[in-house]
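Have a look at the structure below, then the notes.
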Amino acid sequence: MDDFTRRLAMGAAGAAGGKTYVDDVFSTYLYNGDGTTSNAIDIGVDLTEGGLVWLKSRTDTMEHYLFDTARGATKYLDSATSTTEGTSGQSLKSFNNNGFTLGDNGAVNSPSRDMTSWTFRKAPGFFDVVTFTSTGAANQRIPHSLECEPGMIICKCVSTSSYWVVYHRGIATLNPSDPWSKSLLLDENYAATTYASDTWGTGPTSTDFGFKAGGFAATGADWVAYVFAGGESTAAT
């Protein structure tokens, strides 16, 4: 059993002292759009705890759409472009205690499309989603609640057009003396690049990670970060 699976199987301590298992915090779910204004998708994941829903049509070339609880329902991002966030009152309308509800926006709920969803619930040792405003500091510290060191961080400016900037601990080995000097750009097909070296401050910890806006967005821009665990959670039992 790999470390990631073992950590989730062991679970993070919940509010009542119980355990959180893979099915509680992650879902891959296929659904058919029905075109209604209230299509409740039951995936068995409690999104009132916070999280990310990533939607994509399987039957045509529609974009990927990402919704998260930190920015709120109806606000979406397209992972293939550098554009700012959009808003549609008939897209993902609510995050529920067993999944989410969609409106009649054809991109996410058309009767002619078969859809897939990937859902990540916030939980120590697994995933967090945070929003912040860039200060322009060389090493702005962004808090997270993983209780372990992040293994991957996906950042997107939501107020100004900007690349999707991705750090992964796997590419840190490309430059061990400065592991945060390279990034991947989710909306491009480039190899790991030092062009994004102005994005990250010093390395992540179990409570925060470093960030600087650099050339990607001006000081005062609003960002969202999807933070995935990469180390042992202090909450694991």
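The values are calculated or read from the model by the stated rules, or taken from the named source; none is laboratory data. In this text the structure is predicted, and so the values were computed from the model without any measurement. Using ideal geometry, Cβ is built from the backbone for each residue, glycine included, and neighbour counts are taken over all protein chains shown. Calculation scope for accessible area: heavy atoms of the full protein, side chains included, ligands and nucleic acids excluded. Shrake-Rupley method; radii C 1.70, N 1.55, O 1.52, S 1.80 Å.
Couple of notes before you dig in:
- Filter result (in contact with a Gly (Cβ under 9 Å, 6 or more places away or on another chain) and either part of a loop (DSSP other than H, G, I, E, B) or open to solvent by less than 70 Å² (accessible area, probe 1.4 Å) (or both)) within region 169-179: Gly170, Ala172, Pro179
- Contacts under 6 angstrom Cβ, first residue in region 221-237 being within 17 Å of Arg121 (Cβ to Cβ) and at pLDDT below 60, partner among the charged types (D, E, K, R) and part of a loop (DSSP other than H, G, I, E, B), 6 or more apart: Ser233/Glu147; Ala235/Glu147
- Close pairs from region 71-82: first more than 19 Å from Phe95 (Cα to Cα), partner open to solvent by less than 30 Å² (accessible area, probe 1.4 Å) and acidic (Asp, Glu), Cβ under 8 Å, at least 6 apart: Ser79/Asp187; Ala80/Asp187; Thr81/Asp187; Ser82/Asp187
- Single unsatisfied condition, Thr61 versus (1) in contact (Cβ under 8 Å) with a residue 12 or more places away in the chain; (2) open to solvent by 50 Å² or more (accessible area, probe 1.4 Å): (1)
- Taken over region 66-88, the residue count meeting the criterion of being outside any strand (DSSP E or B) and open to solvent by less than 50 Å² (accessible area, probe 1.4 Å) is 10.
- Matching residues in region 154-163 - criterion: being hydroxyl-bearing (Ser, Thr, Tyr) and buried (at least 20 other Cβ atoms within 10 Å of the Cβ): Ser162, Tyr163
- Per the conditions (1) modelled with pLDDT under 95; (2) within 26 Å of Leu186 (Cα to Cα), the sole criterion not satisfied by Lys93 is (1).
- Within the span defined as region 30-47, every residue fails to be under 13 Å from the mean Cα position of the chain (by Cα) and buried (at least 20 other Cβ atoms within 10 Å of the Cβ).
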